[in-house]
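Since every read-out is calculated from the coordinates, none of them should be taken as a lab result. These numbers come from a predicted model, not from an experiment. Using ideal geometry, Cβ is built from the backbone for each residue, glycine included, and neighbour counts are taken over all protein chains shown.
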Amino acid sequence: MSQLIKENLNEALTGKRSKRRLVRRRIVDHTAKYGISTGGIGIIFAVFLIMFFLIYVVLPMFVSADIDKRTEMSVPGGLSEQTVHYAIDDYKAVGVRITDAGRILGFSTDNADVLLDKKVPVPEGVRVTSFTLVDEPTNRFAFGLSDGGVILGQIKFNLTFPGGQRVITPVIEWPFGEDAKAIHDGSVDRLAVRDVDENMMIIAQSDFSDALSIRNYRKRTSFISDEIQLNPVAQSQIRTDFISDYIMLASNMRDLVLVTREGMARYYSIANIQQPEMLQQVRVVRPDETITSAKYLNGNTSMLFGTDKGRMVQWFPVRDRNNDFALQEIRDFSRGDQPITAIGIEGTRRGFALGDSAGQFNLYYSTSQRHLREVSAGPQDPITFIRFAPREDGALVETQSGRLISYDIHNPHPEISFSSLWQKVWYEGYSEPTYTWQSTSGTDDFEGKMSLTPLTFGTIKAALYSMLFAVPIAIFAAIYTAFFMDKKTRQWIKPSVELIEALPTVILGFLAGLWLAPYMEANLPGFFAIVFVVPIGILLFGYGWSRLPEKIRLMVPIGRRAVLMLPVVIFLGWFALSMSVPIEKMFFNGDMRDWLTNSAGIDFDQRNAMVIGFAMGFALIPTIFSVAEDAIYSVPRYLVNGSYALGASGWQTMVGVVLPTASPGIFSAVMLGFGRGVGETMIVLMASGNTPLMDVNIFEGMRTLSANLAVEMAETEVDSTHYRVLFLSGLVLFIFTFFFNTLAEIVRQRMRKKYGSL
């Protein structure tokens, strides 16, 4: 009886223990299941969160500008005199109007209160006959007088804080004195002035006269009074046989373009004003068009011509293959058929605004060819003048009916468009459209060039050349290690190769840039000899080994014979490099680099794609080798044994059974290596030269997207266009990697499905 009780008790206890064990298993299983699922979902969420953050930073570049009306008032001083210039302070609170009669009016942009009312200081009986801007961003101007004189002035805005309140006062200064400089015989009816550094040039012409007076001055500051004096350097009066309506003088003071309203232009070189040379005569608008407005873009290189057909064309000098300059039409802009009545230019960028006879205000950017916004200043009220605020965040617009409208403009990234990022762009000073990345410079005259095409090209170029080096070595090494090598040797060969992946890429980049690049340059023929000597030497050694007596060959197990190749490969590499000097003397006149440059016409840079191929390929070999070797080693043994049983040799089994079965894994290994090559930063940063070129030449460098991020992100201004374009580079890398990984996974799944039945 007691024995039966004990047995029942044991069964009860055992049942309880089993139930507890099952409960614990369920808890562990559910915890693992939901933990792994949560982790996977979290990873996916983090990846998409990164992508959405990149899009959030990049998206503002492609948003159109916002233009809001701020105030509207009557034109200060009325319409009895025509406006020739407006100036506005940084805060858009105070403006200055200059009229064609020489009246200067300062006013509040909020309520039109007059703050300044002056006349140009001219002698009695002398009239103001012309006006020109010396430099629009700094509000330097010049008046031409009826007695042949020129007087130069500048508008400034003094900022004070009496009682803690900001007060802006417009001031007119005459930096070279209030006395006019006599430069022309007769009335100065057309005028052009350029003032750059220590030099100044003044060009004047009278109505109904083809004679131009040209004078060069050198500025000198007086030690006693600190006054700036103009000392004549050279002067000339030339006859052009051409009466112009617009005198366009470039900031380099060498290019002079005379233009008529009918669209005929003559382009002169006046580097030597004593002997001006006419380079070209060309029509800058269509024969059925008339020029209604003409201005220089910021930098005084590109000329804008507005026509009575609503079209605006951009021209600038272009150098040809013979090193001669000629005017070239670069691009045109049109939004309708209404005559263009006013052109306003931005002071620090290549943006501009057009006003037409229908009262439409259109905002453009020249390089990106973007039309950013259109607003109406008033129905059928022609716009007669446009002036941007110094920070491009506002504009003053005058209309024919006497209204002066102040606009607030939000337009932070006009220079970016799809064409400027991915297509060829014709930049000022370039002989043709190009793909160019050159993001920064020291002056506002410089135009940022932010094409991502050369960076993307450099990324692919670096990855491909490194894959050309890494893939054959890694795949063949994986095949031999996984299939032909014995297990004992494999146990230390495979970890040894994988250990290379632990090397920091910054060390590899350091060695590649400071040691490998100059060594490769000095022994260039030897490195090319390696490509031929090592494979041929290995084949010859293998053939020689097969001719040895079988007794000797069996002394080394088959699975370990690869170890014998280590000293052979080292010797062959040394032999190929030692042949560098004899090969160079025999085939390349003693200097292969000089032969490449001067005889073959191939540019050579010490830090080039060949260096990147060796250095980054070395870094990619462990990744490709490890994944490919695992795929080959994991092929089921029954497939291999079945092939052997049917009489297939080892190589036949490898080619016909093992490689097809392992092909999805091998393909994954290659794509994984390519993905790492695309994202590699430090090696290409330190060993590529970082030159953003579009050249497949193996002897030229490149700049990759990742290296560009590392170089420039630390120094860019937050939220600037440059800053957002760098984030766009990161987004391109993200999409690039995502696309190729997805493509690789699709191909891998199809290959697995195809060969899974083996």
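Tell me, what does the Kirkwood hydrodynamic radius of the chain come to in angstroms if you use every pair of distinct C-alpha atoms?
Over the chain, the inverse of the mean reciprocal pair distance is 32.6 Å.
Counting other Cβ atoms within 10 Å as a rough exposure proxy, the listed residues Ile43, Ile168 run Ile43, Ile168 from fewest neighbours to most.
Would you mind finding the longest exposed-site-free stretch of the chain, with exposed trypsin sites (Lys or Arg not before Pro) meaning DSSP loop and at most 10 other Cβ atoms within 10 Å? My reading of the result: 322-758 is the longest stretch.
In the structure shown, do any of Lys92/Lys424; Lys219/Lys449; Lys424/Lys461; Lys461/Lys488; Lys156/Lys219; Lys69/Lys119 have a Cα-Cα gap over 28 Å, and if so which?
Lys92/Lys424; Lys219/Lys449; Lys461/Lys488; Lys69/Lys119
The C-alpha radius of gyration of segment 628-753, expressed as a fraction of 2.2 N^0.38 Å, stands at 1.54. Of all segments of the chain bounded by chymotrypsin sites (Phe, Trp or Tyr not before Pro) found in a DSSP loop with no more than 10 other C-beta atoms within 10 Å, the longest spans 224-758. Applying a length cut-off of 27 Å (Cα extent along the axis) and a mean Kyte-Doolittle floor of 0.5 to the DSSP H helices of the chain leaves 453-479, 524-547, 609-633, 659-679.
Computed over Cα pairs, the Kirkwood radius of segment 65-178 leads via Stokes-Einstein (1.306 mPa s, 10 °C) to a diffusion coefficient of 105 µm² per second.
Annotation for segment 123-192: GluC sites (Glu not before Pro) lying in DSSP loop with at most 11 further Cβ atoms inside 10 Å of their Cβ are Glu124, Glu178. Quarter the surface of the alpha carbon convex hull of segment 619-659 and you get the mean projected area, 2.9 square nanometres.
For segment 66-422, a Kirkwood radius taken over Cα pairs fed into Stokes-Einstein (37 °C, viscosity 0.692 mPa s) yields D = 155 µm²/s. The ranking of Glu712, Glu717 by Cβ neighbour count inside 10 Å, starting from the fewest, reads Glu717, Glu712.
Fewest to most neighbouring Cβ within 10 Å: what's the order for Asp356, Asp630?
Asp630, Asp356
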